Amino acid sequence: MKRKKIRLPAKPALLTAVIFIAAVIIIRYIVITLKRSDYFRIKEVVLKNQEEGFDSSRFLGRSIFDLDLEKESGRVTQLYPVYKDIRLFRVLPDRLVIVFNERKPLACVKLYKYFYVDRDGVLFGPGKGEEFRVLPVIRGLENRIRGPEPGRRYNIKELTGALDIIKQIGEDPLLARSRIERIDVSDPVNILCLIRVSDADVETGASGPPALEVRLSNNGIAEQVRILSGLFAQLNKEMGNIKYVDLRFKEPVVRFKNVK
């Protein structure tokens with residue numbers, strides 16, 4: 001009976017396998033050593049764009065290589081919904097930098113209390129600063145947003161429509177200096193918007209002319225704002241005599257105060 005010959009791996013392949021295994025063992029040893037080394041334990045946490053009150057003590061003493069930066073970022077962002085995102089960065093050997101990017105409020109939403117909302121439709125708690133006194137107030141969402149959760153994005157037609165009106169007016173060269181006081185979206189086919197033609201009263205504190213009532217629908221907002229811009233240009237000197245402007249129809253309706 002013939003004996004079967006056992007073929008051994010070629011020497012180059014065997015050598016490569018041995019080197020690979022050795023490299024894995026060495027790298028693993030280095031990683032474990034670095035994680036356990038006091039040299040790479042966090043001794044300082046630097047906070048950027050954040051007010052006092054954030055407790056960073058739980059990061060101190062931990063290995064800088066042992067942190068899952070993405071996971072920690074998501075966790076901290078959930079705890080502080082007033083910030084759009086919170087980024088963590090390692091600065092070797094022993095420093096952690098946390099950068100807070102605050103949400104920019106586009107308007108206030110009147111529910112059981114006032115919430116701020118950014119351009120993405122995310123609600124968050126009240127902030128500080130003079131800019132919050134002149135934000136548009138969105139009303140009529142009490143039955144659409146119940147039990148509001150700060151930090152949550154609300155993709156609701158009435159809310160997105162109101163935000164779109166604010167964005168479109170803010171981006172129009174002729175309307176940009178106008179100030180939206182209030183938007184009522186309780187009826188999406190008859191959105192009521194109060195606009196001050198000039199923001200001079202905000203800067204000087206003067207009462208100024210009463211706000212102009214503008215009626216819009218939730219469809220074709222960009223086109224309605226374009227028409228409104230044209231009316232502002234044509235009727236600039238008569239703005240104080242206009243009772244309301246209705247943009248819901250094919251032809252805009254301008255109602256004057258002195259017309260019975």
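When the strands (runs of 3 or more DSSP E) confined to segment 100-186 are screened for residues that are assigned by TED's automatic domain parsing to the domain that holds VAL214 and touching a helix residue (DSSP H, G or I) at 6+ places or on another chain (Cβ under 7 Å), those reaching at least 3 such residues are found at 179-184. For segment 162-179, check the following and say yes or no: at least one residue is small (Gly, Ala, Ser), touching a strand residue (DSSP E or B) at 6+ places or on another chain (Cβ under 7 Å) and more than 12 Å from ILE138 (Cα to Cα). Checking segment 162-179: at least one residue is small (Gly, Ala, Ser), touching a strand residue (DSSP E or B) at 6+ places or on another chain (Cβ under 7 Å) and more than 12 Å from ILE138 (Cα to Cα). Collect the residues in segment 78-92 that are free of Cβ contacts under 8 Å to residues at least 60 places away in the same chain and either more than 16 Å from PHE40 (Cα to Cα) or surrounded by 15 or more Cβ atoms within 10 Å (Cβ to Cβ) (or both), keeping them in residue-number order. The answer is LEU79, TYR80, TYR83, LYS84, ASP85, ILE86, ARG87, LEU88, ARG90. Inclusion of GLU181 among residues that are touching a Leu at 6+ places or on another chain (Cβ under 7 Å) and within 14 Å of GLY220 (Cα to Cα) is not warranted. Within the option set LYS43, LYS48, LYS2, being modelled with pLDDT under 70 and of a type in the set (D, E, K, R) holds for one residue only, LYS2.
The values are calculated or read from the model by the stated rules, or taken from the named source; none is laboratory data. Values in this document were obtained by computation on a predicted structure and should not be read as measured data. Don't worry about glycine lacking a Cβ; one is built from the backbone with ideal geometry, like all the others, and counts go over all protein chains shown.
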